[in-house]
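Worksheet for the structure shown next.
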Amino acid sequence: MGALIVARRELAGYFATPVAYVFIVIFLMMAGALTFTLGGFFARGQADLSPFFTFVPWLFLFLVPALTMRLWAEERRLGTIELLLTLPLPQWQAVVGKFLAAWAFCAIALLLTFPLVLTVNYLGEPDNGVIAAGYLGCLLVAGAFLAVGAAMSAMTKNQVVAFVLAVAVCFLFTVAGSPIINDFLSQRMPVLAEVARGLSITERFNSLVRGVIALRDVVFFGSFMGFFLFVNAVVIDHRKAD
């Protein structure tokens, strides 16, 4: 399949530059620091990974846009997007291939946090099913942010602008279900409060962290990623000649 060929090419490209290693090192260092300090991993006295999962969406909020900001913006700036889109494969496969490569890269970064799983199993008897559901939630959040970041990157040739736009949009979907936003909207526009809760990535993620893998949450993330990948494809189609 053409998308998988593009994905392999892109994934190899990540590790051909220092970007991949810098991303992974920063993610692992920050995840560890936040889990053991602000998260109070040992002080809590509970054998679970809740402190780790609490901070993952916020780490991804900044690190994923940094990963995607060059996804299409660099192709457009260098003019290589025309070469990519003249390959004998449908445009949507190029979009999906780039997305899958970035998602696989995030999966590798998450996989490298396995010492936390070993540590919590050594210290106690955690519910590893809940931990697995939490990791699935992390992967789905990464996919959602990647789809947003790819769409934003397609809209501009400037990587910094792409980064700022992606962070802003991801932030809106992250805080949409927060108590502050919900209280504000409930008092003024109750209908919007319901919509905000329905679009909240954090609400869905928290359900998965609790070990509840509901079909509606999986469908939400799938639809979310599909929508922004569709936006990505439409933008590329309209701006590839710019």
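The values are calculated or read from the model by the stated rules, or taken from the named source; none is laboratory data. The structure presented is a predicted model; accordingly, all values stated were derived computationally and were not measured. Here the Cβ positions follow ideal geometry from the backbone for every residue, glycine too, while neighbour counts run over all protein chains shown.
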Check whether at least one residue in the range 161-171 is more than 22 Å from V95 (Cβ to Cβ), out of contact with any Pro (no Cβ under 9 Å at 6 or more places or on another chain) and without any contact (Cβ under 8 Å) to a residue 24 or more places away in the chain, and report yes or no. no
Count - residues of the range 132-184 that are out of contact with any helix residue (DSSP H, G or I) (no Cβ under 8 Å at 6 or more places or on another chain) and closer than 21 Å to L28 by Cβ: 1
Filtering the range 199-242 for residues that are within 17 Å of M155 (Cα to Cα) and more than 15 Å from the chain's Cα centre (by Cα) leaves a count of 13
Filter the range 77-98 down to residues that are closer than 24 Å to V22 by Cα and either surrounded by fewer than 15 Cβ atoms within 10 Å (Cβ to Cβ) or of a type in the set (D, E, K, R) (or both) and give me whichever is modelled with the lowest pLDDT. L78
Within the range 26-54, the count of residues that are surrounded by fewer than 13 Cβ atoms within 10 Å (Cβ to Cβ) and either modelled with pLDDT of 85 or more or in contact with a Cys (Cβ under 8 Å, 6 or more places away or on another chain) (or both) comes to 3
Looking at the range 129-143, can you tell me whether even one residue there is free of Cβ contacts under 8 Å to residues at least 40 places away in the same chain, more than 21 Å from F62 (Cα to Cα) and not aromatic (F, W, Y)? yes
Of residues in the range 151-174 being over 13 Å from the mean Cα position of the chain (by Cα) and of a type in the set (S, T, Y), the one nearest to L192 (Cα to Cα): S153
Can you name the residue in the range 58-75 that is surrounded by 21 or more Cβ atoms within 10 Å (Cβ to Cβ) and touching a Gly at 6+ places or on another chain (Cβ under 9 Å) and, of all such residues, is farthest from F173 (Cα to Cα)? L71
Can you pull out the residues in the range 191-226 that are surrounded by fewer than 14 Cβ atoms within 10 Å (Cβ to Cβ) and either free of Cβ contacts under 8 Å to residues at least 40 places away in the same chain or assigned to a helix (DSSP H, G or I) (or both)? V191, E194, V195, G198, A214, L215, R216, V219, G222, S223, G226
Go over the candidates V160, V141 one by one and state the one that is part of a helix (DSSP H, G or I), over 19 Å from F55 (Cα atoms) and β-branched (V, I, T). V160
